[in-house]
Structure formats: C-alpha cells, structure tokens
1. Return the FRET efficiency for the residue pair residue 53, residue 2: r is the Cβ-Cβ distance, R0 is 25 Å, and the value is rounded to the nearest 0.05.
2. How far is helix 20-43 tilted off the main Cα axis of the chain, in degrees rounded to 10, range 0 to 90?
3. Where does the charge balance sit around residue 29 when Lys and Arg score +1, Asp and Glu -1, over other residues with C-beta under 13 Å from its C-beta?
4. What is the chain's relative contact order, in percent, from Cα pairs under 8 angstrom and six or more apart in sequence?
5. Helix-only mean residue ellipticity at 222 nm, the chain, DSSP H runs n ≥ 4 weighted -39,500 (n - 2.57), per residue, nearest 500. What is it?
6. May I ask you to evaluate 6.51 cos²θ - 1.76 cosθ + 1.60, the Karplus curve with θ = phi - 60°, for each residue of segment 74-85 and list the ³J(HN,Hα) values in order in whole Hz, giving x for glycine and proline?
7. Between residue 63 and residue 31, 0.36 nm times their residue separation minus their Cα-Cα distance comes to what?
8. Please compute the length gained on full extension between residue 102 and residue 11, using 0.36 nm multiplied by the number of residues separating them and subtracting their Cα-Cα distance.
Amino acid sequence: MNWYLDVLKKYAVFTGRARRKEYWMYTLFNLIAYIVVVIVDVVLTTVPLLTGIYALGVFLPTLAVNIRRLHDTGRSGWMLLLGLIPLVGAIILIVFHATEGNQTDNAYGPNPKLAPAY
C-alpha cells in the first residue's frame, strides 16, 4: 500500500526514476482500487460518476510513474506515445516497463535502488 501512496505523493513529478517494484505495485493497487470503485459505482447506480472521478484523480500520478519508469530504463517519457500503436505499442511498453533499469546513473538521475530507504 505504501508504494501506491508514495506515487500519489509524487502527484505530478515527471523527473527522476522509478524502480520496477514501485511501478508494478502501484499498478496492482491502482487496479484493485479501480475494481472497488467500479463495484461501488454499479451498486450505487451512478456508473460513470465515481469511476470517472477516480480515473481523473489518478491520471497524472499514473502518467508520472510511467514516465519515471521509462527514465529508469534510459528511455524518454515520449516513448509512452508508442501505446497509441494498436496492440504492438502496448506490448512494447510492457516489455520496457518489465526491463531492469540501468544499474548506474543515467541522464535522468541516480539509480533508485541505491537510494537510502526512509
């Protein structure tokens, strides 16, 4: 849960790098939260309302963590535009997100694995 909250605290931070664990744990908790919101929305019969509010609320943090994850692998955040290519773009992005980050400092900052834990 802390991974999810840490990404939300960095609401619109597009600089730096994000570890694989940070990205995938955020994605997991975001998916779980989205499913819960959809269920609540269906039960309350306000189907597009709560789901839309949640989607708008997490849009920037999700975009930011995606860009930081690409930065960790040494790629520009503009590579997210590959997702616009049907089917192939999503597969390429999944591979990029699953790839281990650079072990050394890169143009986007120091290795987040070596950062002190707090």
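Coordinate-derived values only; no laboratory data. Nothing here was measured: the structure is a model prediction, and the numbers come from that model. When we count neighbours, we look across all protein chains shown, and the Cβ atoms used for this are built from the backbone with ideal geometry, even at glycine.
1. Efficiency for this residue pair is about 0.60.
2. Relative to the chain, helix 20-43 is tipped by roughly 10 degrees.
3. So the environment of residue 29 carries a net charge of -1.
4. Rounded, it is 32 percent for the chain.
5. Helix-only estimate at 222 nm: -19500 deg cm²/dmol.
6. For segment 74-85, the Karplus-derived couplings read x, 10, 6, x, 5, 5, 4, 5, 4, x, 6, 7 Hz, x marking Gly and Pro.
7. Roughly 10.1 nm would be gained on extension.
8. Stretched fully, the residue 102-residue 11 segment lengthens by 30.4 nm.
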